[in-house]
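Before any comments, here is the structure.
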Amino acid sequence: MALGVRVCRGVWQDRFRAPTAIDLIEGIDKPVRATVVHARNTLVKDRDIQERVAWQGVWKWTLTYRHVSSPDRAWAYIVPDPAKPRVCVPMPDAALNLLPVKSTPKYVRESLAFAPVVDGVRWPVWDLPSRQQVDDVLGLLRSKLEAALELA
């Protein structure tokens with residue numbers, strides 16, 4: 001009779017144990033943890049955005065952010081992969097017209113242009129190597145809010 005092997009998964013991967021946001025952040029490699037904390041703090045400082053930990057399949061456990069103007073859809077995601085954390089800001093195609101092109105870095109614009117599109121929403125994903133890049137990417141949220149208000 002063979003004995004089953006018990007696989008010990010990290011908190012980020014264990015679908016059957018819901019972690020807290022702190023658990024997910026503490027599981028991230030130290031060199032990039034400060035950047036993830038900066039991204040999280042940038043998102044939650046807006047009182048209209050609520051944070052929730054949710055299982056997202058391929059992305060495993062994520063920090064999911066919803067805005068009061070659009071409570072049925074996620075506003076942004078932080079994918080707390082311990083080795084390679086990422087951020088995703090789903091952007092409706094209509095919001096791209098309101099993007100301040102001159103002040104948006106080229107790598108952000110290109111990621112949006114080549115992101116997969118599902119039902120008129122682009123799904124770009126960025127690594128989080130520095131605080132400046134977090135600020136560049138999360139700067140998209142202003143355009144997204146303007147588009148949501150304009151289209152409402």
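All of the numbers you see were taken from the coordinates with simple rules; none came from a lab. Keep in mind that what you see is a predicted model, and the values were worked out from it rather than measured. Please note: Cβ atoms are built from the backbone with ideal geometry, for glycine as well, and neighbour counts cover all protein chains shown.
Computed quantities for the displayed model
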| quantity | calculated |
| --- | --- |
| Kirkwood hydrodynamic radius of the chain, Cα pairs, Å | 16.3 |
| For the range 79-152 versus the range 24-71, the gap between their alpha-carbon centres in whole angstrom | 15 |
| Options L99, W61, V134, ranked by Cα towards positive dipole end of the chain, top entry (Cβ charges) | W61 |
| Equivalent ellipsoid semi-axes - Cα gyration tensor, the range 59-132, angstrom | 20, 17, 12 |
| Sequence-distant residues sharing a close amide H with D81 (under 5 Å, placed H) | R86 |
| Additional length obtainable on full extension of the chain from K45 to S70, 0.36 nm per residue less Cα span | 7.3 nm |
| Computed [θ] at 222 nm, deg cm²/dmol, the chain (DSSP H ≥ 4; -39,500 (n - 2.57); rounded to nearest 500) | -10000 deg cm²/dmol |
| Per-peptide average of other Cβ atoms within 10 Å, ordering 112-119, 27-34, 75-82, 91-98 highest first | 75-82, 91-98, 27-34, 112-119 |
| Axial C-alpha extent at least 18 Å, average Kyte-Doolittle at least -0.5 - helices from the chain (DSSP) | 30-44 |
| Nearest-20 debye value, the chain charge dipole, Cβ charges on Lys, Arg, Asp, Glu | 360 |
